[in-house]
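Heads up, the thing below is written out as structure tokens.
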Amino acid sequence: ADVQSIFGMVDRLTANLASTFLPEAERPTKGPEIEQASTSNVEAYKHYQLGLDYGRRFLTADAMKELNEAVRLDPQFALAMLELSSQYSLAGDSKNSQEFADRAEQLQSRLPRFEQLSLQATNAKRTGDLDAAVQAYRQLVTEYPRDGYDRGSLATYLSLVGKVDEAVATLKEGLATSPKDENLLNFDIYALAEAGDMPGAMAADDAYEAVRPGDPNPFDSRGDALFFAGKYEEAVSAYRAAEGAKDGFNESPKLMMVYSEERKPDMAKVALQRFASGATALRRLYVPVFEAQFAQNSGDVEGAIGKYRDACKGLAAAGQYGPAGQALMDYARLSILLGQTSQALTYVQQQKLNGDELQALALLQTVSGNREGAAQSWQRFGATHPRISPRVIGFYGAAAEAWSAIVRGDAAQAGAAAEKLPDWSVRNFLYLKGNAALLNGDYATAAKKLDRQIAWGRDMQNFGTMTVQFPIVPVLARFYLAEAYEKQGKRDQALNEYQEFLSHFETSHTKLPQVEQARAELKKLMQ
């Protein structure tokens, strides 16, 4: 009869399909009501669908614009809020991501079963517990096996917890029934690259591009996979192609990272300047983070410290306390590596980030030997972050203990702390576990963990992933990997890793002690 009647028509159609295809015992007693589950505003629904389409194509800015309009037209539109939370997260806006996730949760009674499970998965991710996220996405895939995005999300978290082969198998199972699902193909590119199957990853990208011809994201994903595999020049070509596919699609931060890895500092600087000049107000807040990353890759560890302080200040002023706390944490870890723990502790104690300063404070207190103070800081962190799982806070505490023991060269304490850490490819756990194994003479395990840490240091799946990269860890991982090879009598591999490590410091005047140690070891090996 009119446009508004489309909702009732869909409900009647759904009921008829259910009566045709479902056994009588499985038919719902009450028919679905799409208006109740989503919105009664046709215009809001249109913007929501447009936002979903842009989101699937990873055109984040366009997706947020449409979804914000949907929520403006219907402030009770829980489905749009849930998707908007996801898009804000991809954009690096933790403040708005959390706000819309909270609003969607308050309206979860309006959500259909699928979206309720999606909200549970979102909440699992917000706890920081990757194993809980795997479990939540397993439930989603069990009940909705043909949904490509959530199957892909399950694969992502399987990779992050070290189950790369299972991630590949999970995607293969989905592609067997949906070979042209763009989400599955996109996630498959990353999973195969992480598994070391670059021909497979490139074939998946070709198939993805065939489904989305002319879109920038197939080129972007190709670049990410190539960079993960250490194929720098090919990655640059792919990122350039992504920029050429759509005006305003800015790959400058990724190009900066690639050029830094290639030891092309001038080109890296140009890429970073280009990003800063064209970024949104929010993304400009991350410029000091990227400058700190560039400084670390260039051997200017001391310079990176100041950049992290700048980032913390700017992000905190914008209410982005989570990212500000991450910048403060990276500042603290660099300070520890340079033997500046006392100065860093004084600075961190002055910061007020709504509780997000407490992780850095607890780390520095642990390294300083103030375990009672650290325990109190972790307790306060849990109180200000009730969503973070106590199990995960325990991991953070164990990681701080591992940092402290490794700095002191305490093999027993490092090993005990590392045993408490999961085998996750986040938060530098692999670096800590590899160092602990090295101190305890388990050189094969050390080499395996450190090699994985180096590879995951090139993970650039999205903007949020890029902002938390901490390049000094994969750089140092090469130094310790060289030590592990040397202890195993693998001279050539040790030589190569020492040279790779030192290539970051050719013009550097850093006081990082590993630099002089590497030069001495390299000289000895070459005699």
For this session: Assess whether Val289 counts as being surrounded by 20 or more Cβ atoms within 10 Å (Cβ to Cβ), among the β-branched types (Val, Ile, Thr) and either within 23 Å of the chain's Cα centre (by Cα) or in a helix (DSSP H, G or I) (or both).
Result: yes
Seminar exercise, completed: Subset of the stretch 479-512, residues assigned to a helix (DSSP H, G or I), farther than 18 Å from Ala437 by Cα and in contact (Cβ under 8 Å) with a residue 40 or more places away in the chain, comes to Ser503, His504, Phe505
Exercise. In contact with a Ser or Thr (Cβ under 9 Å, 6 or more places away or on another chain), open to solvent by 10 Å² or more (accessible area, probe 1.4 Å) and not charged (D, E, K, R) - does that describe any residue in the stretch 243-250?
Worked result: no
Exercise. Quick check: is even one residue across the stretch 226-234 open to solvent by less than 40 Å² (accessible area, probe 1.4 Å), assigned to a loop (DSSP other than H, G, I, E, B) and in contact (Cβ under 8 Å) with a residue 60 or more places away in the chain?
Worked result: yes
Seminar exercise, completed: The lone condition Tyr308 fails out of (1) within 29 Å of Val475 (Cα to Cα); (2) outside any helix (DSSP H, G or I) is (2)
Problem set entry | Given (1) open to solvent by 30 Å² or more (accessible area, probe 1.4 Å); (2) in contact (Cβ under 8 Å) with a residue 12 or more places away in the chain; (3) among the β-branched types (Val, Ile, Thr), number of the condition Thr142 does not satisfy | (2)
For this session: Name the single residue, out of those in the stretch 373-431 being within 23 Å of the chain's Cα centre (by Cα) and hydroxyl-bearing (Ser, Thr, Tyr), that is surrounded by the most Cβ atoms within 10 Å (Cβ to Cβ).
Result: Tyr431
For this session: Pull up the stretch 39-82, narrow it to residues that are hydroxyl-bearing (Ser, Thr, Tyr) and open to solvent by 30 Å² or more (accessible area, probe 1.4 Å), then point me to the one that is modelled with the highest pLDDT.
Result: Tyr54
Problem set entry | the stretch 362-372 - residue that is assigned to a loop (DSSP other than H, G, I, E, B) and of a type in the set (Gly, Ala, Ser) and, of those, surrounded by the fewest Cβ atoms within 10 Å (Cβ to Cβ) | Gly369
For this session: Can you tell me which residue among Glu143, Glu182 is of a type outside the set (Lys, Arg) and over 22 Å from the mean Cα position of the chain (by Cα)?
Result: Glu143
For this session: Might you let me know whether the stretch 89-98 holds any residue that is more than 21 Å from the chain's Cα centre (by Cα) and not small (Gly, Ala, Ser)?
Result: no
Exercise. Which condition does Ser153 not pass, out of (1) more than 25 Å from Ala324 (Cα to Cα); (2) assigned to a loop (DSSP other than H, G, I, E, B), if it passes all the others?
Worked result: (2)
Problem set entry | Cross-chain or 6+ apart pairs with Cβ under 7 Å, the stretch 92-107 first and of a type outside the set (A, V, I, L, M), then part of a loop (DSSP other than H, G, I, E, B) | Gly92/Tyr286; Ser94/Gln320; Lys95/Gly319; Lys95/Gln320
Exercise. Does the stretch 83-128 hold any residues that are acidic (Asp, Glu) and buried (at least 21 other Cβ atoms within 10 Å of the Cβ), and which are they?
Worked result: Glu83, Asp93
For this session: Please work out if Pro179 is more than 30 Å from Glu506 (Cβ to Cβ), at pLDDT 95 or above, of a type outside the set (D, E, K, R) and not in a helix (DSSP H, G or I).
Result: yes
For this session: Check the stretch 121-130 and report whether any residue there is in contact with an Asp or Glu (Cβ under 8 Å, 6 or more places away or on another chain) and among the β-branched types (Val, Ile, Thr).
Result: no
Exercise. If you check Asp459, Asp451, which single one turns out to be outside any helix (DSSP H, G or I) and under 24 Å from the mean Cα position of the chain (by Cα)?
Worked result: Asp459
Exercise. In the stretch 484-520, which residues are crowded, with 23+ Cβ neighbours inside 10 Å and among the charged types (D, E, K, R)?
Worked result: Glu497
For this session: Working carefully through the options Gln359, Gln351, find the one that is without any contact (Cβ under 8 Å) to a residue 40 or more places away in the chain, part of a loop (DSSP other than H, G, I, E, B) and buried (at least 19 other Cβ atoms within 10 Å of the Cβ).
Result: Gln351
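The values are calculated or read from the model by the stated rules, or taken from the named source; none is laboratory data. It should be emphasised that the depicted structure is a prediction, and the values quoted were computed from it without experimental measurement. As a convention, Cβ positions derive from the backbone with ideal geometry for all residues, glycine included, and neighbour counts pool all protein chains shown. What goes into the accessible areas is simple: the full protein's heavy atoms, side chains included, and nothing from ligands, DNA or RNA. Shrake-Rupley method; radii C 1.70, N 1.55, O 1.52, S 1.80 Å.
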